[in-house]
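> Submitted below is the structure of interest, expressed as structure tokens.
The values are calculated or read from the model by the stated rules, or taken from the named source; none is laboratory data. Remember, it's a predicted structure, so these values are computed and weren't measured experimentally. Cβ placement follows ideal geometry from the backbone for every residue including glycine, while neighbour counts extend to all protein chains displayed. Heads up: the accessible areas ignore ligands, DNA and RNA and are worked out on the full protein's heavy atoms, side chains in. Shrake-Rupley method; radii C 1.70, N 1.55, O 1.52, S 1.80 Å.
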Amino acid sequence: MRESAAKVEDMTRFLLAVALLVAAASPAQAAPLRWVGTWATAPSSAVSGTENGYPNFSLRNIVHVSAGGKEVRVRLSNAYGRTPILFGQVTVARAAGPDTPLALAGTMRTLTFGGAQSITAPPGADVISDGVALTVPADSDLLVSVYTPEPGGPVTHHQLTMQNSYFTRDGNHTADESAAAYRERTTNWHYVSGVDVRTSTLQGSVVALGDSITDGANSTWGANLRWPDQLADRVNTRLGVLNAGISGNRLLLDGGSAGPNALARLNRDVLTQSGVRSVIVFEGINDIQQTPHETDPAKIIAALKQIAQRSHDRGLRVIGATITPFKGWNSYTEELEQVRQTVNAFIRTSTDFDAVVDFDRVIRDPADPQRIKPDYDQGDHLHPGDKGFEAMAKAVKIATL
């Protein structure tokens, strides 16, 4: 009886050892593929005078992705359209170089929508393409070309891009690798609002919700030196970085070309982004410095609390960013400065955020803390320059994302 029990015990140990050896020799189970945002822009307004749309236009948008992948899809927006818009053909390709509508040979792909080459987007709606195989390197330019064969407007766009895109009024040239047809230049992105990559290596995406400072105002043209771009350079093997900045945007009031207030656009521009896991909230200076001035810090704080709560409800981490200095800007007053200081004191101490990035402390001049440090100041005393954006990007602790 004892001998039989010993044999059973020995056999059990043997089988356990075999199982452990097999497990050790087997490769780890691959992480599942999923869609993660690598580039985004927030539709800011309708193009003035485009009630008829852009019939027979091909628009070649140049977009700079953060993270890479081997399959790609594109989101298009008719957010400000009052009529349906037919996207007759949409393509994606790698750019052959910086600031060029020339496609890298062999990379042109025609996108489909539920298997169809064209799709009609109703007024106010976004549409997203099927995925297509294309190796997309991190920190690279893509060409997203959109053909609109019929009238339909007004045209949805993002106004401040800090880079060039190109277009033609002469029919469908979306599948052209050549740049020959794209003889006209634009400084807007039209219709395109997002690019995703399908990947098993990225942990997700982080959205930067902000105004012109996040939008990259006055950074070097075409150099992709906005602070979210420079943050992306630090994390693009782990996270996609999505820029939801709109120049002039406010927390509490709509602003025409500055888009809807941040609370109104939160769902579209942040909460529904692909793979989003965290949001950096950097808004409030325009509520303070623009007319009508918001002089009650409690209202700004209430809006920030709402953004944090709604983001937490979707399972996101929320990083609060302090408001940067603006002494020397044309609307600066000591009364408005006190509003900024009160809001910043809340951000630094609030339990509404999972973490804080103190952009104010990073950017301000130690000799005059109400001002931007001179070598970080682009010159207007409101917007940092490239060096200031670099300092801001470096101030974000990666672990908080």
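> Under a straight-distance cross-link criterion of Cα-Cα below 15 Å, which aspartates and glutamates are reachable from LYS70, leaving out those fewer than 8 residues away in the same chain?
Partners found: ASP130, ASP139, ASP141, ASP196.
> How much net charge surrounds ASP126 when only the other residues with a Cβ under 10 Å from the Cβ of ASP126 are counted, with Lys and Arg +1 and Asp and Glu -1? Walk me through the numbers before you get to the answer.
On the way: positive: ARG75, ARG268; negative: none.
With Lys, Arg at +1 and Asp, Glu at -1, the net is +2.
> Also: For segment 200-319, what class follows from the C-alpha gyration tensor (a ≥ b ≥ c being the square roots of its eigenvalues): rounded when a/c is under 1.5, otherwise prolate if a/b is larger than b/c, else oblate?
oblate
> Can you list residues whose amide H is under 5 Å from SER193's amide H, if they're 5+ apart or on another chain and H is modeled 1.01 Å from N?
Placed amide hydrogens put ARG75, LEU76, SER77 under 5 Å from SER193.
> Run the reach check for LYS327 against lysines, Cα to Cα strictly under 16 Å, same-chain hits fewer than 8 apart removed. What comes back?
Cα-Cα hits under 16 Å: LYS373.
> Heavy-atom accessible area per residue, the chain, 1.4 Å probe: how many Å²?
On a per-residue basis, 41 Å².
> When the accessible area of the chain is split by element with a 1.4 Å probe, what percent falls to carbon and sulfur? List each step's numbers first, then the result.
On the way: 8670 of 16580 Å².
Carbon with sulfur: 52 percent of the solvent-accessible area.
> Report the one residue of SER311, PHE282, PRO325 whose Cα lies farthest in the direction of the positive end of the charge dipole of segment 267-326 (charges on C-beta: Lys and Arg +1, Asp and Glu -1; origin at the Cα centre).
SER311
> Using Cα positions and a limit of under 13 Å, work out the aspartates and glutamates in reach of LYS394, with same-chain residues fewer than 8 apart set aside.
ASP229, ASP233, ASP358, ASP386
> Apply the Karplus parameterisation 6.51 cos²θ - 1.76 cosθ + 1.60, with θ equal to phi minus 60°, to every residue of segment 352-357 and state each ³J(HN,Hα) to the nearest whole Hz, in sequence, with x for glycine and proline.
For segment 352-357, the Karplus-derived couplings read 6, 9, 6, 7, 10, 10 Hz, x marking Gly and Pro.
> Let me check I've understood the local charge: for TYR332, count other residues with C-beta under 11 angstrom from its C-beta, Lys and Arg +1, Asp and Glu -1. What total comes out?
Result for the local shell: 0.
> Checking the a/c ratio against 1.5 first, then a/b against b/c, what shape does the Cα gyration tensor give for segment 215-260?
Oblate.
> For every other residue with a beta carbon closer than 14 angstrom to the beta carbon of ASN56, add +1 if it is Lys or Arg and -1 if Asp or Glu, then tell me the sum.
Every neighbour counted, the sum reads -2.
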